[in-house]
Amino acid sequence: MKKLLCIVSFLAFICSPGALSAEEALADQAPEAVATAAATAEAVVETATLSSGNTAWMLTATVLVLFMTLPGLALFYGGLVRAHNLLSVLMHCFAIACLASVLWIAGLYSIAFADGCAWAGGLEHLGLKDITTASMAGDIPETVFIMFQMTFAIITPGLIVGAFVERMKFTAILLFTGLWLVLVYAPVTHWVWGGGWLMEKGTIDLAGGIVVHATAGISALLLAYFVGPREGFPKKLHVPHSPGMVMIGASMLWVGWFGFNAGSQLAANEAAGMTMLVTHISAAVASLTWMTIEWIKTGKPGLVGVVTGMVAGLATITPASGHVGPLGAILLGFLAGVVCYFMCGIVKGKLKIDDTLDVFAVHGVGGIMGTLLVAVFGTAAFGGSGVDDMLGQLTTQVIALAAVIAWSAIATVIIVFVCKFTTGLRVDAETEITGLDQAEHGETAYTLE
């Protein structure tokens, strides 16, 4: 690369006016001066490849996505559980963020994004080997890209937390998360985003309908099944201890999601602007739709319901946000509000699975639905762009989802049995009654003196 840059700089130099005289003068200079001139020319070319605007936006987007987990997701989930389990949920989100960060640096980034085969990246970047401040990912520093993608690896297993709150051992959570990131998240990321076989097939997934929401949703459903329901389920469902906290956390998710979706364009351009717009529209429409359905069914519009609808709209628009226009966003938001609302009842009422905070019904179903419908709403007929062959793209999306769902399910079952026979999955009955805060972490969220 350095040789190529020097050659380009040299050719540009000799083709300029007065090049001949400059060349003759250069020949008379000392070798040290020649080396300095070459280094300066190379630096100029390298600097020209870096976009400070795009870099600044990606730094901002990275902070926004991390903000989604800490504190957004932590407060959103924390407010939904009973008071004596609040700290356990906060601990889960925080510890997962730390664990995922270390694993991402150690090897997950290399598995996900290094050059390799169709199924996994190579191992040349273990421990971020050979990555320096001069390394580039397009027109932004590779270090920024690494950090941006790390925040996705943090929030994805964080979403799964909602399926097993109030009853799973902390040691099992850490073990499950570590194995799941290695066996599920990193390989699937390579398949879809890192140059793997699904990327080569033309799969559309801008910000994680497949990589984040489908994987997390399916794994959450299976994990909730194997851990088992809470005491009294489904007849006795515990109400959220702090709806206000739920709303604050959900609002942080909404703000952070702009970094999640628009940041995935990897540039501060017109595509990022449209992505941000349709993301917001879908969230707003889904929220109003959910609220309306709940209002009709129960007679009152609830705060927890309206913010849950918002999350469903965000999850649904995520894979399609780079290809749909405002009309597509409105339709996706409406469908998210309707379908995800009724799926919550189906999972708990019909399947009898205690997916406590509706991870599958909201994130899994929403992400899958958006992944499929981008083939429809991404066409010009619905104001979208980038989808010319609806049927062909839909086939590609179905294949991608089927492969990822199957692999996520198989790997999750394997990991569950590993956890079951090593750490154990579930806390004892007494701990579940008294709460995980004191029993697992020796602290309480609220101390009244």
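The values are calculated or read from the model by the stated rules, or taken from the named source; none is laboratory data. What you see is a predicted model, and the numbers here were worked out from it, not measured in a lab. Cβ coordinates were reconstructed from backbone atoms using ideal geometry, including for glycine residues, and neighbour counts include every protein chain displayed.
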Quiz prompt | Filter result for Met274 (among the aliphatic types (A, V, I, L, M) and over 18 Å from Gly325 (Cα atoms)) | solution = no
Quiz prompt | Unmet criterion (only one of (1) part of a loop (DSSP other than H, G, I, E, B); (2) closer than 15 Å to Ala315 by Cβ) for Asn261 | solution = (1)
Exercise. Go through the residues of region 336-357 one by one and say whether even a single one is of a type in the set (S, T, N, Q) and surrounded by fewer than 24 Cβ atoms within 10 Å (Cβ to Cβ).
Key: no
Quiz item: Does region 345-357 include one or more residues that are at pLDDT 95 or above, within 30 Å of Thr275 (Cα to Cα), among the hydrophobic types (A, V, I, L, M, F, W, C) and out of contact with any strand residue (DSSP E or B) (no Cβ under 8 Å at 6 or more places or on another chain)?
Solution: yes
Quiz item: Which residues, counting only those in region 166-175, are of a type in the set (A, V, I, L, M, F, W, C) and either surrounded by fewer than 24 Cβ atoms within 10 Å (Cβ to Cβ) or part of a helix (DSSP H, G or I) (or both)?
Solution: Phe170, Ala172, Ile173, Leu174, Leu175
Quiz prompt | Selected residue (only one of Val398, Val413, Val387 is β-branched (Val, Ile, Thr), in contact (Cβ under 8 Å) with a residue 60 or more places away in the chain and assigned to a helix (DSSP H, G or I)) | solution = Val413
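Results for (1) aliphatic (A, V, I, L, M); (2) in a helix (DSSP H, G or I); (3) closer than 30 Å to Leu436 by Cβ; (4) at pLDDT 95 or above, shown as yes or no for each residue.
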position: Ser9; (1), (2), (3), (4): no, yes, no, no
position: Phe13; (1), (2), (3), (4): no, yes, no, no
position: Glu24; (1), (2), (3), (4): no, yes, no, no
position: Thr36; (1), (2), (3), (4): no, yes, no, no
position: Thr40; (1), (2), (3), (4): no, yes, no, no
position: Glu46; (1), (2), (3), (4): no, yes, no, no
position: Gly79; (1), (2), (3), (4): no, yes, yes, yes
position: Leu87; (1), (2), (3), (4): yes, yes, yes, yes
position: Ala95; (1), (2), (3), (4): yes, yes, yes, yes
Practice problem: Output the residue which, of all residues in region 115-142 that are within 22 Å of the chain's Cα centre (by Cα) and surrounded by 17 or more Cβ atoms within 10 Å (Cβ to Cβ), is farthest from Thr203 (Cα to Cα). | Solution: Leu128
Practice problem: Kindly check whether there is at least one residue in region 166-183 that is in contact with a Phe, Trp or Tyr (Cβ under 7 Å, 6 or more places away or on another chain) and hydrophobic (A, V, I, L, M, F, W, C). | Solution: no
Quiz item: When you look at Val404, is it over 24 Å from Val188 (Cα atoms), in contact with a Leu (Cβ under 9 Å, 6 or more places away or on another chain), touching a residue at least 12 places away in the same chain (Cβ under 8 Å) and hydrophobic (A, V, I, L, M, F, W, C), yes or no?
Solution: no
Exercise. Test Thr379 against the criterion of being more than 27 Å from Leu181 (Cβ to Cβ), surrounded by 16 or more Cβ atoms within 10 Å (Cβ to Cβ) and modelled with pLDDT of 95 or more, and give yes or no.
Key: yes
Quiz item: Is it true that some residue in region 139-162 is at pLDDT 95 or above, assigned to a loop (DSSP other than H, G, I, E, B) and not aromatic (Phe, Trp, Tyr)?
Solution: yes
Quiz item: Hey, among the residues in region 265-291 that are small (Gly, Ala, Ser) and buried (at least 23 other Cβ atoms within 10 Å of the Cβ), which one's nearest to Leu303 (Cα to Cα)?
Solution: Ser287
Quiz item: within 30 Å of Leu87 (Cα to Cα) and among the hydrophobic types (A, V, I, L, M, F, W, C) - does that describe any residue in region 124-131?
Solution: no
Quiz prompt | Close pairs (6 angstrom Cβ cut-off, 6 or more residues apart or separate chains): touching a residue at least 60 places away in the same chain (Cβ under 8 Å) in region 352-370, among the charged types (D, E, K, R) and assigned to a loop (DSSP other than H, G, I, E, B) anywhere | solution = Asp354/Arg230
Quiz prompt | Among the candidates Ala106, Ala112, residue that is part of a helix (DSSP H, G or I), more than 27 Å from Thr434 (Cα to Cα) and touching a residue at least 24 places away in the same chain (Cβ under 8 Å) | solution = Ala112
Self-check item: Filtered residues of region 126-138 (kept if more than 18 Å from Met199 (Cβ to Cβ) and in a loop (DSSP other than H, G, I, E, B))
Solution: Lys129, Asp130, Ile131, Thr132, Thr133, Ala134, Ser135
